[in-house]
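Undergrad: Below: one structure in structure tokens.
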Amino acid sequence: MSETDSRRTGIALVTAAAVAWSTAPFFTRLLHFDSWTILFWRGLFGGGLITALLVLTQGRAGLRDLIETGKSGWLVACLSTLGMVSFIPALQLTTVSNVAIIIATGPFVAAGLAWIWLREAARATTLIASLVALCGVAIIVGNARGVSDTGGIGLACLMTLAIAAMTVAIRRYNQISMVAAAALSNFLGSLISVPFAHGITSVTAADVLILAMFGFFQVALGLTLFVIGSRHLPSGQASLIATLETPLMPFWVWLAFQELPTSRALAGGALVMGAVLADIIADSRAHARP
């Protein structure tokens, strides 16, 4: 495969991954269960499908990565699980646009944590973009209406912090199998949900089908496409394409359920997305220079 064909393949696969990831709010709105019940079934299907992927692609070595993950693998899995158990209730408590915009600040949170933990100095453009993104989030937080909305925004912030910490941990312990850690975190999230879920046994055949599609399409397929596609692209370009998830999340919910973002969410979202895109483009240009 030529370099041009390889890049085109990578762009197509990472774009498809962003589309798959963006469907989480759509599936969540389709399911009228408590968040713990959704987390249980999604984790079960997602973890099972990712494990099947490991076996199909790596055989016994894949299962060994899952079973013998070590302390660093458990750290990544636990951080991922914290992000997952914050994500679904956040979507149920506040608007999808609020959650999507807060999640988009993840690269800047990760940059801050990398500086604290790994002493990685952030570029000046990243610092400026972080301040712009922070202003966007402040606009959204200032528009919170009631306890439910505030709680959802708080959980979205917690999820962003957890996933950013997971990203830095993966960078610190780069020998970790990302796919194995994802499978483990899904199973862990499912296990944690059992004592709190109220509707595990009350799901119908139609509900199980939606939950299975949730686990397959949003969790397993999204991860698989991104892992394969990112091998064909520079990391900056892969990250830029993956940010398509943010505008697509509220788009699917608007298309299916007519949930419209508020004007303040649009204003805050414009600041955050502008900051994210500007920072990634600046990073790509910096790495492209001789």
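The values are calculated or read from the model by the stated rules, or taken from the named source; none is laboratory data. All figures in this text were calculated on a predicted structure; none of them were measured in a lab. Cβ coordinates were reconstructed from backbone atoms using ideal geometry, including for glycine residues, and neighbour counts include every protein chain displayed. In case anyone asks, the SASA skips ligands and DNA or RNA and just uses the protein heavy atoms, side chains included. Shrake-Rupley method; radii C 1.70, N 1.55, O 1.52, S 1.80 Å.
Undergrad: Work out, step by step, the length gained on full extension between L131 and A267: first 0.36 nm times the residue separation, then minus their alpha carbon distance; give nm to one decimal.
TA: Extra length from L131 to A267 when fully extended: 47.5 nm.
Undergrad: How many percent of all Cα-Cα pairs in the chain sit more than 26 Å apart?
TA: Tail of P(r) above 26 Å: 43 percent of Cα pairs.
Undergrad: Compute from the Cα atoms of the range 1-146 the Rg and the Dmax, the latter being the longest Cα-Cα distance, and quote both in angstrom.
TA: Considering the range 1-146 through its Cα atoms, Rg and Dmax are 18.8, 55 Å.
Undergrad: Same structure, new question: With a 10 Å cut-off between alpha carbons and a GNM built on the chain, which of F251, F226, F196 moves the most?
TA: Between F251, F226, F196, it is F196 that shows the largest mean-square fluctuation.
Undergrad: Let me ask you something else. Calculate I(q)/I(0) for the range 1-40 by the Debye formula, one identical point scatterer on each C-alpha and no solvent, and give its log10 at q = 0.17, 0.26, 0.31 Å⁻¹ to two decimals.
TA: One equal scatterer on each Cα of the range 1-40 leads to -0.58, -0.84, -0.95.
Undergrad: How large is ³J(HN,Hα) for each residue in the range 11-17, as worked out from phi by the Karplus curve 6.51 cos²θ - 1.76 cosθ + 1.60 (θ = phi - 60°), to whole Hz, x for Gly and Pro?
TA: Result, ordered by residue: 4, 5, 5, 5, 4, 5, 4 Hz.
Undergrad: Please report, largest first and rounded to whole Å, the three semi-axes of the ellipsoid equivalent to the range 55-113, where each semi-axis is the square root of five times an eigenvalue of the C-alpha gyration tensor.
TA: Sorted largest first and rounded, they come to 30, 15, 11 Å.
Undergrad: Oh, and also: Can you work out the Karplus-derived ³J(HN,Hα) for every residue in the range 24-40? Use 6.51 cos²θ - 1.76 cosθ + 1.60 with θ = phi - 60°, whole Hz, and x for glycine or proline.
TA: 3, x, 4, 5, 4, 5, 6, 9, 9, 10, 5, 4, 5, 5, 4, 4, 4
Undergrad: Say R0 is 30 Å: what FRET efficiency, to the nearest 0.05, do A138 and W117 get from their beta-carbon distance?
TA: 0.75
Undergrad: Just want the answer: with Cβ charges of +1 for Lys and Arg and -1 for Asp and Glu, which residue in I101, N174, I200 is farthest toward the dipole's positive end in the chain?
TA: N174
Undergrad: Please list S193, S148 in order of solvent-accessible area, largest first, computed with a 1.4 Å probe with all protein chains present.
TA: So, going from the largest accessible area down, we get S148, S193.
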